[in-house]
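Undergrad: Input: one structure, supplied below.
The values are calculated or read from the model by the stated rules, or taken from the named source; none is laboratory data. Everything quoted here is computed from the prediction, not taken from an experiment. We place every Cβ from the backbone using ideal geometry, glycine too, and count neighbours over all the protein chains shown.
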Amino acid sequence: MTPRALVDTHCHLNFPNLFPDPDAEVDFTVAAGVGRMIAVGCDHETSQHAVALAERRTEVFATVGCHPNSAGEFESAFLDTLREWLALPKVVALGEIGLDYHWNVAPKEHQHAVLNAQLDLADELECPVVFHCREAYDDLLDVLEPRARPGYLLHCFGGDLDQAARAAELGLWFGVDGPVTYKSADSLRAVLRSLPPERLVIETDAPYLPPHPYRGKPNRPAYVRLVNAGLAQALGMGEDECATLTTANAERFFGLSA
Ligand SMILES: [Zn+2]
């Protein structure tokens, strides 16, 4: 059986300064055998770019939201804009939203307020949510535990085994990125093996987090093939089998047609 084309479930083709010609990048990605990409918004401007790209290109889908590092710009009127965007068929999730205690651009209390306001919207719309979390897994899981429901994805999961077990117990999904290909990432691979395979998706986070052998260079959505290969190796399955699994998972989580 030929594996179906991969889906890069998280990239930033919608960051105009990092991908000045996103259409050329989409063409390059499709030529490399990757069928679909999800462009992830982080604030008003990048969400708007993601929506525009998704409306223009059949291969691209969008998410919209306010990243914790942009929490300082958040205004409650933005919730109405998000609601309008989330009604569009090519807008497949709210995100990336969450907590970031590494950069702490906004105070923690403010990050929590912005996160909760957007989670209330997600509950109202019953839409999938993509979470960004950095050095804040215990706090994020505390927020999600009382409101956990199907449709929560921890993008670029980097928690430890205990946090992985807790998140899996809550029914969360997990995004796997370039670091799975790094020689030094044995503990990440052990965490991934502990997770339910039917809740794993692959992503690049391009232009960030390039997989081996592109470390030090900008990442590209086409390199999601290397992430799939790295995950396949970590799980002890063939690349085709892993591609079939992760594509089906992406379709189920984001409601993409098969
Ligand atoms: Zn991202």
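Undergrad: Mind checking which residues of the stretch 63-111 are basic (K, R) and in a strand (DSSP E or B)? Write out each step before concluding.
TA: Going residue by residue through the stretch 63-111, those that are basic (K, R) are 83, 90, 108.
Once the filter is applied, which keeps residues that are basic (K, R) and in a strand (DSSP E or B), the stretch 63-111 yields nothing.
Undergrad: Could you list all residues from the stretch 142-171 that are within 30 Å of P213 (Cα to Cα) and outside any helix (DSSP H, G or I)?
TA: Correct list: L153, L154, H155, C156, F157, G158, G159, D160.
Undergrad: When the residues of the stretch 205-233 are filtered to those that are aromatic (F, W, Y) and assigned to a loop (DSSP other than H, G, I, E, B), which remaining residue is nearest to C156 (Cα to Cα)? Don't jump to the end; show me each part of the working.
TA: From the stretch 205-233, those aromatic (F, W, Y) are 208, 214, 223; that's our starting set.
Still in the running and assigned to a loop (DSSP other than H, G, I, E, B): 208, 214.
Numbers: Y208: 11, Y214: 18 Å.
Filtering the stretch 205-233 for residues that are aromatic (F, W, Y) and assigned to a loop (DSSP other than H, G, I, E, B), the one nearest to C156 (Cα to Cα) comes out as Y208.
Undergrad: Being modelled with pLDDT of 95 or more and under 24 Å from V129 (Cβ atoms) is the requirement here; does F28 meet it? If you could, list the steps in order and put the result at the bottom.
TA: Details: modelled with pLDDT of 95 or more: yes; under 24 Å from V129 (Cβ atoms): no.
No: the conditions fail for F28.
Undergrad: Right, here's the next one. From the list P196, P128, pick out the single residue that is at pLDDT 95 or above, touching a strand residue (DSSP E or B) at 6+ places or on another chain (Cβ under 9 Å) and within 18 Å of A39 (Cα to Cα).
TA: Values: P196 fails: within 18 Å of A39 (Cα to Cα).
Exactly one residue qualifies, and that residue is P128.
Undergrad: Can you tell me which residue in the stretch 54-90 is nearest to the chain's Cα centre (by Cα), limited to those that are farther than 26 Å from A250 by Cα and in contact (Cβ under 8 Å) with a residue 40 or more places away in the chain?
TA: A71
Undergrad: In the stretch 137-165, what count of residues is obtained for those that are among the hydrophobic types (A, V, I, L, M, F, W, C), over 16 Å from E198 (Cβ atoms) and within 16 Å of the ligand (Cβ to nearest atom)?
TA: Count: 2.
Undergrad: If the requirement is being within 16 Å of the ligand (Cβ to nearest atom) and over 18 Å from F174 (Cβ atoms), which of these qualifies: A87, A62? Reasoning before the result, please.
TA: Working: A87 fails: within 16 Å of the ligand (Cβ to nearest atom).
Of A87, A62, the one residue that is within 16 Å of the ligand (Cβ to nearest atom) and over 18 Å from F174 (Cβ atoms) is A62.
Undergrad: Additional query: Would you mind stating whether R215 is of a type in the set (K, R) and within 30 Å of D21 (Cβ to Cβ)? Full working, then the answer.
TA: Numbers: of a type in the set (K, R): yes; within 30 Å of D21 (Cβ to Cβ): yes.
Against the criterion (of a type in the set (K, R) and within 30 Å of D21 (Cβ to Cβ)), R215 qualifies.
Undergrad: Return the only residue of Y208, Y182, Y214 being away from the ligand (no atom under 16 Å from the Cβ), of a type outside the set (D, E), over 19 Å from A31 (Cβ atoms) and surrounded by fewer than 19 Cβ atoms within 10 Å (Cβ to Cβ). So that I can check it myself, show each step before the final result.
TA: Working: Y208 fails: away from the ligand (no atom under 16 Å from the Cβ); Y214 fails: over 19 Å from A31 (Cβ atoms).
Only one candidate qualifies: Y182.
Undergrad: When the stretch 84-103 is examined, which residues are found to be within 19 Å of V51 (Cα to Cα) and surrounded by 15 or more Cβ atoms within 10 Å (Cβ to Cβ)?
TA: Those that are within 19 Å of V51 (Cα to Cα) and surrounded by 15 or more Cβ atoms within 10 Å (Cβ to Cβ): W85, L86, K90, V91, V92, A93, L94, G95, E96, I97.
Undergrad: Another question about this same structure. Please go through the stretch 92-110 and give me each residue that is of a type outside the set (D, E) and away from the ligand (no atom under 16 Å from the Cβ), ordered by number.
TA: Of the residues in the stretch 92-110, the ones of a type outside the set (D, E) are 92-95, 97-99, 101-108, 110.
Answer for the stretch 92-110, where residues must be of a type outside the set (D, E) and away from the ligand (no atom under 16 Å from the Cβ): Y101, N104, A106, P107, K108, H110.
Undergrad: Do you know which residues across the stretch 3-57 are away from the ligand (no atom under 16 Å from the Cβ) and assigned to a loop (DSSP other than H, G, I, E, B)?
TA: P3, R4, A5, P20, D21, A32, G33, R57
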